[in-house]
1. Quick check on region 18-33: of everything there that is in contact (Cβ under 8 Å) with a residue 40 or more places away in the chain and in a loop (DSSP other than H, G, I, E, B), which residue is surrounded by the most Cβ atoms within 10 Å (Cβ to Cβ)?
2. All but one of (1) touching a Leu at 6+ places or on another chain (Cβ under 8 Å); (2) among the hydroxyl-bearing types (S, T, Y); (3) under 18 Å from H69 (Cα atoms) hold for S53; which doesn't?
3. Do you know which of the residues in region 34-76 that are in a loop (DSSP other than H, G, I, E, B) and charged (D, E, K, R) is nearest to D20 (Cα to Cα)?
4. Working carefully through the options F75, F37, find the one that is surrounded by 14 or more Cβ atoms within 10 Å (Cβ to Cβ) and either touching a residue at least 40 places away in the same chain (Cβ under 8 Å) or of a type in the set (G, A, S) (or both).
5. Out of everything in region 1-14 that is touching a Lys or Arg at 6+ places or on another chain (Cβ under 9 Å) and under 21 Å from H69 (Cβ atoms), what residue ends up being surrounded by the fewest Cβ atoms within 10 Å (Cβ to Cβ)?
6. Looking at region 4-56 only, could you name the residues that are closer than 16 Å to F75 by Cα and of a type in the set (G, A, S)?
7. (1) in contact with a Cys (Cβ under 9 Å, 6 or more places away or on another chain); (2) crowded, with 20+ Cβ neighbours inside 10 Å; (3) of a type outside the set (G, A, S): which one isn't true of R51, the others all being true?
8. State whether the residues of region 6-17 include one that is in a loop (DSSP other than H, G, I, E, B), in contact with a strand residue (DSSP E or B) (Cβ under 9 Å, 6 or more places away or on another chain) and touching a residue at least 40 places away in the same chain (Cβ under 8 Å).
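Just so you know, all these numbers are worked out from the coordinates, no wet-lab data involved. Note that the coordinates shown come from a computational prediction; the quantities given were computed from them, not determined experimentally. Note that each Cβ is placed from the backbone with ideal geometry, even for glycine, and that neighbours are counted across all protein chains shown.
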Amino acid sequence: MAARRNSEGTIINASELVVDEVVGDRVLCPACHDKVFQVWPEGWDAHAAHRCSGVAGNTEEERKANFKHRWSQLFR
């Protein structure tokens, strides 16, 4: 599958891709579709722990683990 980008050049279909297709690029959060990561994967953990509305969990660690598990193909 090829990366699809919006008019700002942000990858909008990260959930369909793998790490080598997104790393170092602008990526729309695959969970909430609100946050744009300027350089994937920088900042994913803080976003998942505190702000992402598309990930479940009662603690920061649960939320981060759930995010990383669900989109494991986007991490090395």
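1. Only one residue tops the list, namely P30.
2. (1)
3. Among those residues, the one meeting the criterion is R76.
4. Going through F75, F37 in turn, just one is surrounded by 14 or more Cβ atoms within 10 Å (Cβ to Cβ) and either touching a residue at least 40 places away in the same chain (Cβ under 8 Å) or of a type in the set (G, A, S) (or both): F75.
5. Going through the qualifying residues, I end up with N13.
6. Listed by number, the residues that qualify are A14, S15, G24, A31, G43, A46, A48.
7. All conditions are met except number (2).
8. Step one: of region 6-17, the residues in a loop (DSSP other than H, G, I, E, B) are 6-10, 12-13, 17.
Those left that are additionally in contact with a strand residue (DSSP E or B) (Cβ under 9 Å, 6 or more places away or on another chain): 6, 8, 10, 12-13, 17.
Checking which are touching a residue at least 40 places away in the same chain (Cβ under 8 Å) leaves us with 17.
Yes, region 6-17 contains a residue that is in a loop (DSSP other than H, G, I, E, B), in contact with a strand residue (DSSP E or B) (Cβ under 9 Å, 6 or more places away or on another chain) and touching a residue at least 40 places away in the same chain (Cβ under 8 Å).
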